[in-house]
Structure formats: C-alpha cells, structure tokens
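Below is one structure, written out as structure tokens; comments come after it.
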Amino acid sequence: MYNLKITIRRLFKDKAFSLINIFGLAIGISSFLVLFIHVSNEKSFDKHFTDHENIYRVTSIPGGLENAAWARSMGIVYTASEEIPEVELATQFTHCEEGTIKMGETSISQKDIMSVDEAFMQLFEVEPLVGNLSEISKPNTVFVTEDFARKYYGNLNPVGQTIKIEALQYTRDLGDYEIRGVVKNTHPKTHFRYELLISQKGALQERFVSLPDRKIQWTYNYFKLQKDADPQLVAEKVAAFYDNSNLKTTPGPQEYGFALFPMDDIHLKSDYRFELRESSSKINIGLFILISFVILTISLLNFTNLSIAKLIKRSKELGLKKSIGATKSQLVKQVLMEVFLVCVMAIGISLLAIESLKPMINRLFEIEFDIYFSEPVVYLTITGVLFTCLLLTAVFVAAFLLARSSAIDILSGRNNFSGSYVLKSLLVVQVTIVIILISGTFLVNKQISFVLNKPLGFDKENVVVIRVKDFSKDPAVFARELEKQSAIESVGFTQQHFGYPAQGFGLEGLGLDGTAEFVFANYDYLKTMNIKLVHNWIKPDADTVRGMVINNHLYQRLMERHGSMENLLAYSNAQPLEPGETRINYIGVAEDFNYSSAHESIGDFAFWLDEGGNRARFTHVRINNLHAGMEAIKNTWNEYYPNQELDYFFIDEKIAQQYKAETILSRILFAFSTIGIFISIIGISALALFISQQRTKEIGIRKVNGATVSEILGLLNQSFVKWVLIAFVIATPLAFYAMSKWLENFAYKTSMSWWIFALAGVLALVIALITVTWHSWRSATRNPVESLRYE
Amino acid sequence: MIQLKNIDKYYDAKFQRTFVLKGVNLDIDQGEFVSIMGPSGAGKSTLLNIIGFLDEPNEGEYLFLDQPANQLKEKQKVQYHRSHIGFIFQAFHLIEEMNVYENIETPLVYRGVKGKERKAMVAEMLDRFNIVAKKDLFPSQLSGGQQQLVAIARAIVGSPKLLLADEPTGNLHSEQGQMIMELLKKLNDEGMTIIQVTHSEENAKYGNRIVRLKDGYLKEDE
C-alpha cells in the first residue's frame, strides 16, 4: 500500500514518460496478440474432429502434373479402400461451389452443395438437429443446415418439404429432393463448408456407380486410418490396386501418383486445385509468427530500456533508501512493484484495444480474427510479458544498481557508466530490428508489384466472363447477338477461365515426358483475350477453326525433340491410336502466357479449338465501354435467357484475387512494421532524452567555453550514428537471408536490389538523427546557467 | 563506540595506487560530538562513509560497538542502518515524490514499525522541529534550511545512537546553518553521538573534539 501510493504519484509526476512507456508496451502486446491469436486460430482448423490426425485426403495425380495437382481424385480410390485393412472408414463426396436450386417457383443460386454418404456424416461428425442421418442413404434426400432452414423456412419445420436441384457443377435437372432433416452449421474452423447435403442415391446414383471405371476426378476421397497405420504404405496399396485394375489401360494418362495428405495440413498447406475452401497456404503462417514475436520483442526491449533509463535517473533515491536501512530485497520489490503496475496497465489497455479494434482489424486485413479470453494463448502471453519485464528489470537492478556499486557510488551519481552499455546494446538490437522490418517491407512490396504487373501473355482488362448454364439454346446465337452491339468488341467461348483448373493430357504420344494442360475453347476466345499467335497455320478459308494451338513452351520442347513439325507429325502418326482418339491437328503456336497462377512457372499448355459442345460455359466478352458494355450484356441476356440470373465476373478481378494472399500479407507487414518502427522511435527518443539529460552539465560547460549549438548537436549525434551503423552491419545479412528464403516461394521473383538495404539503413539513420537532434537541440539551446545549476 | 585501527582506503589505477586514507587510527566514545576537518580531497567524506557502513576500508580494522565491522554481514549492516546510524547530507537527499511526512516516515517503514506507532513517531518529529504545518509539502516547495530540517528529522526519527553529518550546512546560508548546528548540539546534549564533516571552524566549535585530516593522514586530534 505504502509503495503503491508513491508509485502512482511518480507515474503522474512524469506523465509523458509514463504514457510513452505504458502505450509502447500496450501497442506491442496488442499487435502480438492479434497476430498470434490469428495464427493459432488458423492452426486449429479441423482439429475439432476426433481422431483428426488419422484422417487423410487421398489424391490421384497424373504423372507430370505434380505442380498442378487436384484435391479431387478418381473413384477407384474409394473402391480400393475396401481392400485395404488399415482403412477404418472411407468416404467420397462431391462439392459444388455454386449451384441452382428451386423452391416453389423461384430459382436461386445456392452455395456449397455437397453430395455425401453415411461415412461422411460419421467421419466429419455432422450433428443432426432434426431427423435421422442414415436417411442420406435413401434416394433423393437432402439435409439442410440450421442457417438454411432459418433463412427459407423461419421457425417452421422444413422436414418433408422439397427442393428442386436444377444445376450442380456438371449436371443439370436432378429433380426433387426431399428434406429429411436439419443439421448444425459447419464448424467455422473446418476446411470445407456445406449448406445442403444431398444423397448420392437417386439422381446421382448412375454417376457414382460408373466412377470406378472412369479416369475423371470428380469426387473427394478421405480415409480414416487405424492408429499407427502408415499413410505411405496405404498410398502404395492404393497405387497397387490401380495398377492391377482394368482402368489403367483405358484412354488417358496411364501413370498416376497416389498420396495421402493429412487433413490437419489442408488448411495451412494445401495448394491443390479445386480446394474445398480457400486455404491459407500463401499467408505464410511462419512469417506471421515471426513478425508477432519481433513486435513483442521490440516492445519488451523498449519497455526495459525505458525502465532502466528511468531507474538510472533514480539511482540516487535507491542509494539513499539503502543508507536509511532498506534491504536489497525491499528495494528490488519496490522497483518491481512499479514495473508490475505499468505492465498491468499496459496489458489492460491492450486487451481493451483489441476488443474495440476487432472489426477494424478484420476489415483491413480481411481475416476472421476473434479473441477467446479462455484460450491459453491469452493468459500465457500475459504471464510471459509480465515475467519478462519483471525479470529483466530485476536482473538489472540487482546486478548493476545494487550489487556492483556501493551505496555511496550510487548516491554521488558515479555509476552511470554501467547502465549506458546495457542501454546502448538494447538500442542496437532495436535499430537492427527496425532495419530488417523496413527492408522486408520494401521487398514484399516490390515483389507484389512485380507479380501484379508481370505480362500475362493476354489482355486482362475489360473482359467480362458470363457463366452460361443453360445449353438447351445455342450459345453461338447469343454470342452473335452480343457482337452486334457497338459497346462489345468480341465474344469467345471456353470451358475454363483463367485460374480455373484445366484438363490434362499425356505427352507420351508426342515423344515427351509428362502431361500438358489444355482447355476447350473456340477461336474467338483467342481473339477476345488478345492471345497472339507466333505461328499461324489456320487455313484462311475454313469456316470453323478446329484443331490444337499449343503454347511456345510446349512448341520449343517439341522442336527440341523432333527438329521440325514434319518429323513430329511423322512420329505421332506412327503411334497406335486408342479407340475414341483422334490425331492432333496442329493449327498454331501461341505466345507463352500464364494461365493458371502467377505462383507457378509457365508449363506445357494447349487450346483445343472447336465450336459447340460445352465450350460456352464461360463466355468471355470484351467490352470497350464499361457502362454501355454491361448494359448491352444485361439486355441481350434477358432477351435470350429470360428468367435466368446473369452470373458474371471480371477476369482482372479474378486474377487479382489470386494475389489476395500477397496483398493482405503486404498490408499486414506494412502495418506491423510501421508499429515496430513507431515503438522503436519511442525507444530511441527516450534514450536520446535520457542521454542528453545526463550530459546536461557537460553541455552547459562546453557552451560556457564557447561551443556553438551545432557543435553540440554534432557531438551528441556522433555516438548515435555509430550505434546505427553497427546495427546496419548486423541487420543486412540477416535481412538478406530471410528475404531470399521468402522469395523462394515464387516462380517469378523480383531481384533483391542493394538499394533496399541502403534505403532501410538510411531511413533508420534519419529516424535516429531526427529524434536525437530534437532532444539535443532542446538541451543545447538551454541557458548554460540553468543547465549548470542542474545539480 | 568506534575504533578505527590502521585504516587504508585506496583506488587502483593502472600503475598507480591512489590512497584516500592512509593508516588512520581513531577512537570515538559514546556521547562525543566530533568534527572532521581538512582541505578538499583529504578523505573526510570517505572516512565518514566508512564509519557509516556506506563504504568499506581496503585495509585495517574497524570495530563498531566492539564488533569487527569487516565481519559484518549485509543483513547486520542493514540492521545498523535501521537502528543505530542516521545520515544527513550536504545535498539533503530528500525523495522528491514524497511529501515531508512521508520522507520522515520512510525509515520507519523499512524498520517495519506498525502504522499507528509510526504516525505517533513522525508526529513527534514534526512537532519537535516545528514543521507540522508543512507536513504535506513536497521538498521542492521548501527552502534549503527547511529541507535539511526534514532530513535531520528523517535521520533521527528512529532514535539512532550515532548521527553522521556530511557538511550539513554546506548548502545553507549562515543563519539557517547556525540553526541546524544549534539543533545538532542539542541532540548531542541529549546523548546522541555525532560525527560531522565540515569546512568551517565556526561550526566545528559546536563539537567537543576536532579531527584534522590531510592527504589521507590523520594530522591532529584535539
């Protein structure tokens, strides 16, 4: 009680210093908690399922496409599971990101429809609120989530109502499904989401039955293994099952790699195409953890720095108390009490700040952050912070102030040498971190703008993509109608748009290893996307362009192997033709372009050009005027497809979405390095203040003896420049190493220029000089009489 | 009460040993009022600090109340600071964040005196030095003489047997200085042993014995 009163009085007496100290720490703790809690939330995905560590997703990847692997796999995987004793439970299911359903008279588009079996319910612990889950095995049944039920049926019991499923991803008109129950919403930390769970029996039955005999990858396959079963071994057994099956010799790629991917890793590590839900693989969880600890370290260092500076200033008082009979432990207790109080205030402020800033943080960083006060992270952080602060201060007080110097040294202020070295090394560490943060921010920004502005090989601006679902009418008529309008330049068809997983075909028939990706498109698509042809062998008089346009990358590889197109044709014509296959008719070579993702390098790619079929699924429309163009599209659509919702997006937005992770990353990095730099400025500033105060008398004497203000500024800055330089030397190699590690994630990387480091160093120096000059200027311009009387 | 035998105190520089005190022998009995005099750098304050356990001699023997001081443990020194020795300084050394009342109270807190008792003891001091009205003021609001009064009150509130004063009037003008010396004299008359360091012959006369130091040697004892 006695100490508490004095402590509070002391805090109020030096308001500026206390505020800086408390808020510096509070900012650090809040930043740490926000980042760290977010990371731990991300890490806890799927961990709520019992035996989550034994659940695996099985993938079947055609040889050569390892870099473009799908999360989906072939139906034979599910069949194989019956023969493998280690598999305790296996499920296969499909997922439709967006389908169309009809209730009563209205068609609506519905997200996240999954067709599942009983094993799915069991494996992923679907909890029924109404109904019996085993009814999912009956034909044409559907279970809806509580959100869905509330949205469309309010408080009524939806069981017995019917939903008409008009379109899933690849199928149409599945007919009526009867609601047999309501299930709890998907757990928010799950790597997938469902709103409707439909039966695999009934309308879909035929497709599921035929799956084991087809090389299509339509379903997701999950195995739950027995404890201690080796997933590698299970994968080998699946592969052996495939090798012995008739499926292997059917048309399509022959070689498949089977692998079991742990479910625990899906959310954080999956780069698979057709991932069920956006994963966080690009978010760089490791980088986040690193940044959060860096910020916390800076603020702890800062806090200790300030507390020690303050203590040195007060050392006289401690010495005096020692002379009137205070024991060491009483003094240490008193100092720790003060530190404790400040820490507690800082922690309180930061918890309040997190609560109130939560919505803003989530908006800014596009994350789903929430703090659960009962989780160990929170109280571990609090104890950790308290412990570190108290420990560091206690060590300093015990080692430097009380033990080494006798009371009389402290009293006569003879001991400031000991403290300053501690302070200066703390300062060097702080400046080092600042330099690393600044250069890191520069580089991440440089890399992101490099990736965003990299030529894609096609023109992404002003292209609207319309999803066409109704193929009962000829989309070519719709396209011709559109092209008549002045605001529309051209219309092309494709089955896959940029970023949508493409198909694969084996290159063995062409004498090459591996698999190329290809999409079905029409010739107008190339025109619409402004994809340039390097070689054009299209016969000018043909009314329909049919054949294959390969990209330059594949062309170069083929030329390397065969020397000329004639040799290539001779080679491939000599290969036996499988039933149902046709010879490839090469009609052109396109410039290289990046089709799927900027994270991957350009591979072998081809367009299979023709008209008709499902090619119009994604109708690409190039417009020359945003407003008029959209107006024209809407009008034509409503005329041609009355009562159907126009579903469209802009291709450049789709591309930008691919960089969402990087953009968010750079935003987070920018925000937190700003915070880090801010805290460090506080630290440097307080230290400058402290040093100039300690040298007040010296400054006075120098001035009396004729030193000018600028000479004194130079004198005080000199030592700081030295410490910043030392920090620079330490920081540069560390930053260089960390950044080259990070750049390894990208196929296309920006160069690591020397100016990044130079600029970071200069910035750190400028920050130091400005703060130091400000404080020294104040003491240098003081009347020398006043400063000499300072004692 | 105090026996110093052949006390040496020195600082080692690279190739040179600088003596602050050399072969000092001094006996002080209970109830004496000793003034240590000498020019600047003679080692007066060092001697006082050694006597007050704020500093340690390098060589020689120091007996305090017949106890050899170099065998004292840190704990016992603290005990002596609490109950046997009071300090006053030239620069007063009051704690800035504490008011008069709290400054006087501090040593009692460290001694673990109970609240009620503490209150009575501090009140008595305030009364005795006529500073009751100033008890809520902070050091910066007091004149130098008043600050030194508070410092003395703080030094003797625990009724120590020995009061050590390092130039108690050095920062005060003569009138205030005189008042402080009168007070010390009175305390000595009440039986307190006092050792003061002073430059002023006049102040030295308040005591009953003068010890002169020069260049670390005890020159005169009169």
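Exactly one residue out of A:Leu765, A:Leu743 is at pLDDT 85 or above and assigned by TED's automatic domain parsing to the domain that holds A:Thr696: that is A:Leu765. Among residues of region A:386-404 being closer than 17 Å to A:Ser425 by Cα and among the aromatic types (Phe, Trp, Tyr), the one that is modelled with the highest pLDDT is A:Phe396. Is one or more of the residues making up region A:293-304 more than 30 Å from B:Arg111 (Cα to Cα) and either within 14 Å of chain B (Cβ to nearest Cβ) or of a type in the set (Phe, Trp, Tyr) (or both)? Yes - at least one qualifying residue is present in region A:293-304. The helices (runs of 4 or more DSSP H) found entirely in region A:257-355 that carry 2 or more residues being under 33 Å from the mean Cα position of the chain (by Cα) are A:263-269, A:285-313.
With a requirement of 1 or more residues that are of a type in the set (Asp, Glu) and out of contact with any Phe, Trp or Tyr (no Cβ under 8 Å at 6 or more places or on another chain), the strands (runs of 3 or more DSSP E) lying completely within region B:147-222 that satisfy it span B:217-221.
Name the residue that is farthest from the other protein chains (Cβ to nearest Cβ), counting only residues in region B:74-87 that are among the hydrophobic types (A, V, I, L, M, F, W, C) and crowded, with 23+ Cβ neighbours inside 10 Å. Only one residue tops the list, namely B:Ile85. Within region A:213-224, the residues that satisfy the criterion of being in contact with a Leu (Cβ under 8 Å, 6 or more places away or on another chain) and assigned to a strand (DSSP E or B) are A:Trp218, A:Thr219, A:Tyr220, A:Tyr222, A:Phe223, A:Lys224. The set of residues from region B:104-135 being at the interface with chain A (Cβ under 10 Å from one of its Cβ atoms) and aromatic (Phe, Trp, Tyr) comprises just one member, B:Tyr110. Would you be able to say whether some residue in region A:240-255 is at pLDDT below 85 and in contact with a helix residue (DSSP H, G or I) (Cβ under 7 Å, 6 or more places away or on another chain)? Within region A:240-255, one or more residues are at pLDDT below 85 and in contact with a helix residue (DSSP H, G or I) (Cβ under 7 Å, 6 or more places away or on another chain).
Condition first: in contact with a His (Cβ under 9 Å, 6 or more places away or on another chain) and either crowded, with 22+ Cβ neighbours inside 10 Å or within 13 Å of chain A (Cβ to nearest Cβ) (or both). Can you find one or more residues in region B:137-155 that meet it? Yes, some residue in region B:137-155 is in contact with a His (Cβ under 9 Å, 6 or more places away or on another chain) and either crowded, with 22+ Cβ neighbours inside 10 Å or within 13 Å of chain A (Cβ to nearest Cβ) (or both). Scanning region A:72-85 for residues that are buried (at least 23 other Cβ atoms within 10 Å of the Cβ) and part of a loop (DSSP other than H, G, I, E, B) returns A:Arg72, A:Gly75. Kindly indicate whether A:Ser307 is within 30 Å of B:Ile104 (Cα to Cα), crowded, with 17+ Cβ neighbours inside 10 Å and in contact with a strand residue (DSSP E or B) (Cβ under 9 Å, 6 or more places away or on another chain). So A:Ser307 fails the test. Hey, among the residues in region A:473-521 that are among the hydroxyl-bearing types (Ser, Thr, Tyr) and not in a loop (DSSP other than H, G, I, E, B), which one's farthest from A:Ser73 (Cα to Cα)? Looking at residues that are among the hydroxyl-bearing types (Ser, Thr, Tyr) and not in a loop (DSSP other than H, G, I, E, B), I get A:Ser490.
Per-residue answers, yes or no, for (1) of a type in the set (Gly, Ala, Ser); (2) outside the structural domain of A:Met630 (by TED's automatic domain parsing); (3) within 35 Å of the chain's Cα centre (by Cα):
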{"residue": "A:Glu489", "(1), (2), (3)": "no, no, no"}
{"residue": "A:Gly511", "(1), (2), (3)": "yes, no, no"}
{"residue": "A:Leu533", "(1), (2), (3)": "no, no, no"}
{"residue": "A:Thr544", "(1), (2), (3)": "no, no, no"}
{"residue": "A:Leu554", "(1), (2), (3)": "no, no, yes"}
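Filtering region A:149-162 to residues that are at negative phi, surrounded by fewer than 22 Cβ atoms within 10 Å (Cβ to Cβ) and within 37 Å of the chain's Cα centre (by Cα) leaves A:Arg150, A:Lys151, A:Tyr152, A:Tyr153. Across region A:658-685, the number of residues qualifying as assigned to a helix (DSSP H, G or I) and modelled with pLDDT under 75 comes to 5.
Taking the criterion of being under 15 Å from the mean Cα position of the chain (by Cα) and polar (S, T, N, Q), the residues of region A:29-61 that qualify are A:Ser40, A:Asn41.
The values are calculated or read from the model by the stated rules, or taken from the named source; none is laboratory data. Please read these numbers as outputs of a predicted model, since none were measured by experiment. Reconstructed Cβ throughout: ideal geometry from the backbone, glycine too, with neighbour counts over all protein chains shown.
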